[in-house]
Every structure is written in structure tokens, then in C-alpha cells.
Amino acid sequence: MALLFSVVTVENENAFKYGLSTLHAWIRFMEMILHISYNLGFEKWSATTPENKQLKEDKKKYVQKRFREVLGLHIDKPRQGSGNSNDGNTARRFFQNYQCSAEITGIDEELIKRLYVILQTMSSGYPINAEKFGQYTLITAQLYVSKYKWYYMPSSVHKVLIHGAKIIEHYAVLPIGQLSEDAQEARNKDYKKYRLHHARKCSRSATNEDVLHILLYTSDPYISSLNKPSFLISKELFDEVKELLEIKGDE
């Protein structure tokens, strides 16, 4: 536990510019839980002996089968041409059914729920109270270390639990949830609309230039902060999440 506090040092603020990848955080958090579950039989970070490798493979097959039977989820399955089946929608359903996920994986239910609260807070689109968020994530990191210190915390999880609050403070102009990859992927339909209705058609370079200008000014953080985005409905959020957010009374 002492080692956990030793890493809470002065951060390199130049690294804050990379932000928090909220969409991929769902996937990375889920994969961490799954990999801990696979190794529970021998409690080591990696399987090095034939016996441990067999234990890991058997547990993985059991977890995959149970998730498919109970929740209809395909976990850790290869997908031709696109990695594996661990995508954002799968990860969200995994955490939404945290009680079932805890029962299947054998991982502490409180830890999975706390990770779900953190992910929901980051993705909500509301301004986050960085101080409360930092306290909550640090307690979650302590819980993780107390139960699964034999499994090294992945860097993507460490970034959120240990440095997430500082990164959120760095992006105070706009809530971190509005800077996720979801918005970037949703811009595909905007590109088609801007190209069709708001760009010159005299040449390809002129068309691309006009589209680029529109994308630049419509994605500016300050301009985005003036528009009220489509938030998650606050009634759908856990009470713990609401405690970490700065939600006005009428939202």
C-alpha cells in the first residue's frame, strides 16, 4: 500500500495534452478485470508453467461461456479483420451488469462497481469535481492493490486512477466526457453534410479547405462549451456519480 502513495508525485504536465481516452477506457478496464479473473487460480501476473497455462485457459473458456449464456456477450473472441470482440458496447454492458460480471469472473463486486462509477462519471458529459474525483479514484486504487497486488495495474488504468483528476483539471474549459472519441466518430456524418451543403464545388482542394474550416471552428472547445450537448440523463446515473459531478438543479 505504501508503494501506491509513493507514485503520487508531481506530474509532468506536458503529458496532460493527451487527455483521457474515455471510449477506450471502458474496454481497457473490462480487459483488466477479465485478465485478473483468468489468473485467479494461481495469482500471478503471467502464466509461466504448463499447469498455470492450463488453469488460465480453462478459466477463460468458462468465463466466455458464462457471459454468452447469461448476457449474450462474446468476450475475448477473435474477430476477422478487426481485432477481437471487446468493443465499447460490450464493455458498457459488462459494467452495467456489474453484479453478474462479478459473479462470473470471481472479481470483487465493489471494485467493479467503483470502476463503473468512474467510467460513467468520465463519460457523462457533465463538468466533474476534480477534487472529489481524485479522492474516489485513489480509494479505488487502494482497493485494487489490497486485493490484487499480484497483478500489475495496466498503464491505461493507472493513468485514470492516479492522474485522472489532474488531467480533468487541465481541461477545465470543457468536460472531459465531451472530448471523447465518440464525438470524433460522430463527425463522419457532419463531414458528409458540410461537404454537400457548405463547401465550394469548383475544385477538390477548395471543397476540402471549406470542410476543414467548418470542422475546425465547430470543434473549438470554447464554442462547444456554449452549446448544450446531449448529456446522459442524470436519473440514469448512480448517486455516487452525481456526487462527483457538478450538475445544476434543472439538469
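The value obtained for the stretch 16-78, namely the Cα convex hull volume divided by the number of residues, is 117 Å³ per residue. The Cβ shell under 15 Å around F95 holds other residues with a net charge of -3, Lys and Arg each +1, Asp and Glu each -1.
So, with +1 on the Cβ of K and R and -1 on the Cβ of D and E, and no other charges, what is the size of the charge dipole of the stretch 60-123 about its Cα centre, to the nearest 20 debye? Write down the numbers at each step before the final one.
Working: 11 positive and 7 negative charges, 59 e Å.
Roughly 280 debye, rounded to the nearest 20.
For the stretch 49-86 versus the stretch 141-159, the spacing of their alpha-carbon centroids is 22 Å. Cross-link partners of K201 among lysines, defined as those whose alpha carbon lies under 21 angstrom from its own and excluding same-chain residues fewer than eight positions apart: K189, K192, K193. Other residues with beta-carbon under 10 Å from the beta-carbon of W150 carry, at +1 per Lys or Arg and -1 per Asp or Glu, a net charge of +2. For the stretch 58-152, taking the reciprocal of the average inverse distance between every pair of different Cα atoms yields a Kirkwood hydrodynamic radius of 14.9 Å.
Pairs spanning more than 23 Å between alpha-carbon atoms, out of K166/K242; K59/K147; K77/K159: K77/K159.
What net charge is computed for the residues neighbouring S203, neighbours being all others with C-beta under 14 Å from the C-beta of S203, Lys and Arg scored +1, Asp and Glu -1? Don't skip to the answer; put the middle values down first.
Working: positive: R195, R200, K201, R204; negative: E209, D210.
Net charge in that neighbourhood comes out at +2.
For the peptides 238-247, 201-210, what is the packing order when you average, over each peptide's residues, the other Cβ atoms within 10 Å and list the highest mean first? Please report the intermediate quantities before stating the final value.
Values: 238-247: 16.7, 201-210: 11.5.
Per-residue mean Cβ counts within 10 Å order the peptides as 238-247, 201-210.
Using +1 on the beta carbon of Lys and Arg, -1 on that of Asp and Glu, and nothing else charged, what's the dipole of the stretch 20-178 about the Cα centre, debye to 20? Could the numbers behind the result be given before it?
Details: 21 positive and 14 negative charges, 56 e Å.
I would put it at about 280 debye.
Coordinate-derived values only; no laboratory data. Only a predicted model underlies this, so the values are computations on that prediction, with no experimental measurement involved. No Cβ is skipped: glycine too gets one built from the backbone with ideal geometry, and neighbour counts run over all protein chains shown.
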